[in-house]
Amino acid sequence: MSASESHIDVRSALKQGLAQLREAHIPSHTLAAELLLLHVLGRDRTWIYSHPEEKISSADADRYFALIARRAAGEPTQHLTGKQEFWGLEFEVTPDVLIPRPETEHVIEVALDRLAVREHRAGSKQARTGEGLQIADIGTGSGCIAIALAKELPGATIYATDISSPALAVARRNAARHSVSAQIHFIESNLLDQVSSVGARYMVPSRSQGTNPQLHHPPVTNQQSPLFDLIASNPPYIGRREAATLMREVRDHEPEIALYGGEEGYELYADLITQAAAHLKPTGILVLELGHDSLPAVQPLLDARTWTNVGVTNDLAGIPRVLAAERA
Ligand SMILES: C[S@@+](CC[C@H](N)C(=O)[O-])C[C@H]1O[C@@H](n2cnc3c(N)ncnc32)[C@H](O)[C@@H]1O
């Protein structure tokens with residue numbers, strides 16, 4: 001055994017790691033122990049299970065058991081590995097952003113379905129590449145919604161807002177990682193407040209400015225005209241009154257600004273829907289993720305004079321998770 005090898009092999013490390021997590025009552029402890037070992041060794045699952053007797057170095061063993069201890073103390077696995085998969089893409093995550101959740105993939109599915117139906121109705125094939133589409137993602141966090149849509153619709157231009165500047169820094173890195181930076185404008189903003197001014201900059205370079213190569217995106221807005229074909233959002237929707245019921249991984253480690261929508265949770269939806277109504281083209285689509293009990297409070301905000309084709313999609317647990325509607 002070389003100096004850098006410890007006495008422990010892959011199988012024993014995994015066994016000890018998962019026993020420690022089980023003792024600490026960590027949910028999905030087997031998966032967490034595996035993911036942390038894969039991360040430390042830089043290997044995939046197949047390698048680990050085909051090399052159970054391979055010795056690991058003491059440096060790797062130390063790193064692994066240090067991560068196991070942090071996971072046992074409540075840090076989310078994704079904060080320890082720095083990544084989470086969403087829509088088949090790997091995203092960097094840090095404590096500055098919400099860890100992308102599988103149920104948010106329904107937002108992407110509903111958005112793509114609705115765009116396809118709308119384009120089919122209009123007799124165009126635009127939805128295939130999203131050529132010319134203007135899309136907004138409000139509260140982009142890691143950028144997962146904006147980036148998944150950019151990958152699916154390479155012809156679309158996307159405006160992704162967040163009130164958190166550290167979150168936007170992570171989202172920008174994720175866009176670069178997936179080669180869609182040129183397609184997405186990241187804007188620090190309360191909801192869509194700053195989008196009009198940014199849009200105006202792209203729209204009306206004055207004569208004195210001449211032709212600025214930075215202003216290469218198509219016009220998106222002025223305050224009078226509707227602008228987006230699609231607005232998607234997974235806003236913070238947990239009620240502060242529910243904080244005590246949250247898992248400690250969530251409550252103690254994910255950003256409060258990403259979790260809580262107010263005392264009840266659904267407070268942000270009213271402004272979001274009002275702004276969406278003002279910023280969508282006629283037949284433009286709104287797709288909102290909902291909290292587990294938000295539907296009764298949020299659906300009535302979609303008044304029939306402004307919105308049509310209102311639809312609700314359940315997640316895999318049967319919870320009404322996505323509310324979608326079309327601007328009348
Ligand atoms: C639930 S997280 C969603 C993040 C990401 N879109 C996702 O689905 O994983 C909500 C995001 O909205 C941002 N946010 C909170 N209040 C906001 C506001 N008033 N305007 C814009 N963004 C806001 C938070 O910083 C956070 O990144």
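The values are calculated or read from the model by the stated rules, or taken from the named source; none is laboratory data. None of these values were measured; they are calculated from a predicted model. Virtual Cβ from ideal backbone geometry, glycine too; neighbours counted across all protein chains shown. Ligands, DNA and RNA are stripped out before the accessible areas are found, and what is left, the full protein with its side chains, is counted by its heavy atoms. Shrake-Rupley method; radii C 1.70, N 1.55, O 1.52, S 1.80 Å.
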Accessible surface of the stretch 15-174, 1.4 Å probe, proportion on carbon and sulfur as whole %: 51
Within the chain, longest stretch clear of exposed GluC sites (Glu not before Pro) (DSSP loop, no more than 15 other Cβ within 10 Å): 132-262
Residue among His25, Ala278, Tyr266 farthest towards the positive dipole end of the chain, charges placed on Cβ: Ala278
Spin-label model distance (nm) - Lys151 vs His25, 7 Å beyond Cα toward Cβ: 3.7
Cα convex hull of the stretch 239-284, projected area averaged across orientations, nm²: 4.1
Built amide H within the under 5 Å cut-off of Val93, gap 5+: Lys83, Gln84
Kirkwood-based Rg to Rh ratio, the stretch 1-104, C-alpha trace: 0.99
³J(HN,Hα), Karplus 6.51/-1.76/1.60, whole Hz, each residue of the stretch 56-66, x for Gly, Pro: 10, 5, 5, 4, 5, 4, 4, 4, 4, 6, 5
Karplus-derived 3J(HN,Hα), 6.51/-1.76/1.60, for each residue of the stretch 160-176, Hz, glycine and proline x: 10, 10, 7, 7, 9, 5, x, 5, 4, 5, 5, 4, 4, 5, 5, 5, 5
For Phe186, residues with placed amide H under 5 Å, excluding near neighbours: Ala160
Rotationally averaged projected area of the stretch 35-84 (alpha carbon convex hull; nm²): 3.5
Residue-normalised accessible area of the stretch 1-148, given per residue in Å² at a 1.4 Å probe: 48
Structure-based [θ]222 nm, the chain - -39500 (n - 2.57) summed over DSSP H runs of at least 4, per residue, nearest 500: -11000 deg cm²/dmol
Rough spin-label spacing in nm, given labels placed 7 Å along Cα→Cβ, for Glu109 and Val310: 2.3
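Restricting to the stretch 13-160, compute how many DSSP beta bridges are antiparallel as a %, nearest 5.
Antiparallel bridges make up about 50 percent of those DSSP assigns within the stretch 13-160.
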Cross-link reach list, aspartates and glutamates versus Lys83, counting only Cα pairs under 18 Å and skipping chain neighbours closer than eight places: Glu34, Asp44, Glu75, Glu92, Asp96, Glu103, Glu105, Glu249, Glu254
Difference of contour (0.36 nm per residue) and Cα-Cα distance, Arg248 to Arg101: 51.3 nm
Modelled label reach - His51, point 7 Å along Cα→Cβ, the stretch 25-42 residues with backbone N closer than 17 Å: 34-42
Solvent-free Debye scattering, log10 I(q)/I(0), computed from the Cα coordinates of the chain at q = 0.10, 0.12 Å⁻¹: -0.65, -0.87
Reachable aspartates and glutamates, given that their alpha-carbon falls under 15 Å from the alpha-carbon of Lys281 and they are not under 8 places away in the same chain: Glu119, Asp229, Glu326
Placed amide H near Gly284: partners under 5 Å, 5+ positions off or other chain: Arg327
Compactness relative to 2.2 N^0.38 Å, alpha carbon Rg of the stretch 226-328: 1.12
Among beta bridges that DSSP assigns inside the chain, antiparallel share in %, nearest 5: 45
Fraction of alpha-carbon pairs over 24 Å apart in the stretch 92-194 - percent: 20
Derived scalar couplings ³J(HN,Hα) [the stretch 255-263; Karplus, 6.51 cos²θ - 1.76 cosθ + 1.60; whole Hz; x for Gly, Pro]: x, 4, 5, 8, 9, 8, x, x, 4
Solvent exposure ordering (accessible area, 1.4 Å, most first) of His178, His29, His120: His120, His29, His178
